[in-house]
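To start, the structure under review is shown below, and the notes come after it.
The values are calculated or read from the model by the stated rules, or taken from the named source; none is laboratory data. Keep in mind that this is a model prediction, so the values were computed, not measured. Virtual Cβ from ideal backbone geometry, glycine too; neighbours counted across all protein chains shown.
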Amino acid sequence: MTLKIGFVGLGNMGGPMARNLVAAGFEVRVFDLLPALVESVAGARGAPTAAACATGVDLLISMLPAGRHVEGLYLGADGVLASADPGTLLVDCSTIDPASARKVAAAAAERGFEMLDAPVSGGTGGAEAGTLTFIVGGSAGALARARPALEAMGRNIFHAGANGAGQIAKICNNMLLAILMSGTAEALALGVRNGLDPTTLSEIMKQSSGGNWALNVYNPYPGVMPTAPASRGYAGGFMVELMNKDLGLAIATAEQSGSAVPMGALARNLYRMHEHTHEAGRFDFSSIQWLYDPALKARD
Ligand code: NAD
């Protein structure tokens, strides 16, 4: 029997994810606050409200901006928990603070629903290509039920642990990514300022102990890697404002758990400074290179 799926939140990520579910043959019902986005998912049935979208489906997926939107969708008086049929599996793919994820999952459990937090990495390109990575928190049984739908939207599925663990793993990864990217930009700027060619230096560091993901696939220096956002004016990719959102979640999570994150805090401040100094919010996050070499901004 075809799985019936409700999908709420059809923005840059949710729209293409819902389209991949339709393409995989699922019966899909969709809702967004913006009616034009509801129309944009050909082959899916539009629902007039979130509650209607969550009724009569086996699985309800949400892809919303932040924790307050997720709490509003699930916990509101006419929200998902008040409307969904018993047994509906709930999967929130938004990147939100772990405390909100656990709060909503606990409220769901109280009403007899199973819920997963399943934030993604892979960006809008991954959403369109159906190659996202899902980082899942919740029970193994619930993940097994959700797996066919997740496989239609992604390539890698990791089970991080209990509810909230998906959000924590995603936050840890993105904090490390910000640290690696700013460190890589700093090393490249130092080399270039001292007469080295950025491509030669990148090749040396890639094969040496400084090698990392930024050097391997996402070099922040223009012209080193033709496929990287740095070589096309830092357009597309993963925007600075989204990195700042994730770094904010990392700092809040560190505060709540009494964790010291000195490198993460520095990366957070560098990215904030970069966003304001260069009006870089909507540029790719590798544009942090501008902070070390402002002349590159003028060149782009
Ligand atoms: P977006 O702003 O493009 O889309 C969010 C959509 O949710 C909007 O269309 C909005 O109208 C809708 N919405 C908000 N509240 C709603 C409600 N109560 N009911 C119905 N619809 C509602 O955001 P996005 O880029 O698609 O990101 C979604 C989530 O994915 C965020 O948590 C983001 O951090 C995460 N994420 C984004 C990327 C990326 O590259 N864009 C990558 C990984 C993770």
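Once the range 266-295 is narrowed to residues that are among the small types (Gly, Ala, Ser) and within 20 Å of the chain's Cα centre (by Cα), the residue that is farthest from Glu186 (Cα to Cα) is Gly281. Number of residues in the range 138-156 that are surrounded by fewer than 17 Cβ atoms within 10 Å (Cβ to Cβ) and assigned to a strand (DSSP E or B): the value is 2. Can you pull out every residue in the range 11-40 that is polar (S, T, N, Q) and closer than 18 Å to Ala146 by Cα? Correct list: Asn20 only.
When the range 99-118 is examined, which residues are found to be touching a strand residue (DSSP E or B) at 6+ places or on another chain (Cβ under 8 Å) and more than 21 Å from Ala24 (Cβ to Cβ)? Passing the criteria: Ala101, Val104, Ala105, Ala108, Ala109, Phe113, Glu114, Met115, Asp117.
Scanning the range 62-82 for residues that are part of a helix (DSSP H, G or I) and more than 8 Å from the ligand (Cβ to nearest atom) yields Gly67, Arg68, Val70, Glu71, Tyr74, Leu75, Val80, Leu81, Ala82. Within the range 105-127, the set of residues being modelled with pLDDT of 95 or more and outside any loop (DSSP other than H, G, I, E, B) comprises Ala105, Ala106, Ala107, Ala108, Ala109, Glu110, Met115, Leu116, Asp117, Val120, Ala127. Of all the criteria given as (1) assigned to a strand (DSSP E or B); (2) more than 16 Å from the ligand (Cβ to nearest atom); (3) not polar (S, T, N, Q), the one not satisfied by Arg102 is (1).
Checked against the criterion of being away from the ligand (no atom under 15 Å from the Cβ) and in the same structural domain as Gly14 (by TED's automatic domain parsing), the candidates Ala127, Ala108 yield just one match: Ala108.
Within the set Ile135, Ile96, the sole residue that is within 11 Å of the ligand (Cβ to nearest atom) and in a loop (DSSP other than H, G, I, E, B) turns out to be Ile96.
Annotation note: of Asp32, Asp58, the sole residue that is within 20 Å of Thr88 (Cβ to Cβ) and more than 9 Å from the ligand (Cβ to nearest atom) is Asp58.
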